[in-house]
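Only one structure is covered here, and it is reproduced in the block below.
The values are calculated or read from the model by the stated rules, or taken from the named source; none is laboratory data. What you see is a predicted model; the values in this text were computed from it and never measured. Glycine also receives a Cβ, built like all others from the backbone with ideal geometry; neighbour counts cover every protein chain displayed. Ligands, DNA and RNA are excluded from the accessible area calculation, which covers all protein heavy atoms including side chains. Shrake-Rupley method; radii C 1.70, N 1.55, O 1.52, S 1.80 Å.
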Amino acid sequence: DVSFILDTGHAHMCGWDIPQIIKTHQSRLAAYHLHDNDGTADNHEFIGKGTIDWSIVVPTIRRCTPNARLILEYGKKAIDDILTNIPEVKRMFGL
């Protein structure tokens, strides 16, 4: 058995059905690299600033992998902006 990390931005760029991947592999998912993009470039945007449908992805993560680590993988952002974003992410995930 091998556990793995699902990178939401990379999965989105590959056109993967993220909720289906989570459901299918939930017993092996140990963590997520959470970030958003427009599906064409790996620009590591804040969650909700791209085209991933988080209204489906977040509940699927919470339901199927409640103990997985959530790692924010934001690129070239000011630390103050990242720290401001953390409470919003915590709210989304019910943390």
Review point. How many percent of the accessible area of the chain is carbon or sulfur, using a 1.4 Å probe?
Key: 53
Practice item. Report, ordered by chain and residue number, the lysines lying within cross-link reach of LYS23, taken as a straight Cα distance under 25 Å and ignoring same-chain residues fewer than 8 apart. Key: LYS49, LYS90
Review point. Within the range 17-40, whose backbone N sits under 18 Å from a point 7 Å along Cα→Cβ of SER3?
Key: 22-34
Review point. What is the magnitude of the charge dipole of the range 22-95 about its Cα centre, with +1 placed on the Cβ of each Lys and Arg, -1 on the Cβ of each Asp and Glu, and no other charges, expressed in debye to the nearest 20?
Key: 460
Study note, to complete from the structure: Pseudo-spin-label distance ASP42 to ILE21, built 7 Å along Cα→Cβ, given in nm, is 1.2
Check your understanding: Going by a ≥ b ≥ c, the root eigenvalues of the Cα gyration tensor, does the range 19-74 fall in the rounded group (a/c under 1.5), the prolate group (a/b larger than b/c) or the oblate group?
Key -> prolate
Check your understanding: Expressed in whole Å with the largest first, what are the equivalent ellipsoid semi-axes of the chain derived from the C-alpha gyration tensor as the square root of 5 times each eigenvalue?
Key -> 20, 16, 12
**Study point:** Reachable aspartates and glutamates from LYS76, criterion Cα separation under 18 angstrom, eight or more residues apart if same chain
**Key:** ASP7, ASP36, ASP38, ASP42, GLU45
Check your understanding: For the chain, which trypsin sites (Lys or Arg not before Pro) are in a loop by DSSP, counting at most 16 other Cβ atoms within 10 Å?
Key -> ARG28, LYS49, LYS76, LYS77
Check your understanding: Quick one: helix 54-64 against the long Cα principal axis of the chain, what's the angle to the nearest 10°, folded into 0 to 90?
Key -> 40
Point to revise | Solvent-accessible area per residue, Å², over the chain with all protein chains present [probe radius 1.4 Å] | key: 61
**Study point:** 12 Å cut-off, amide nitrogen to a point 7 angstrom out along ALA31 Cα→Cβ, residues in the range 49-75
**Key:** 68-73
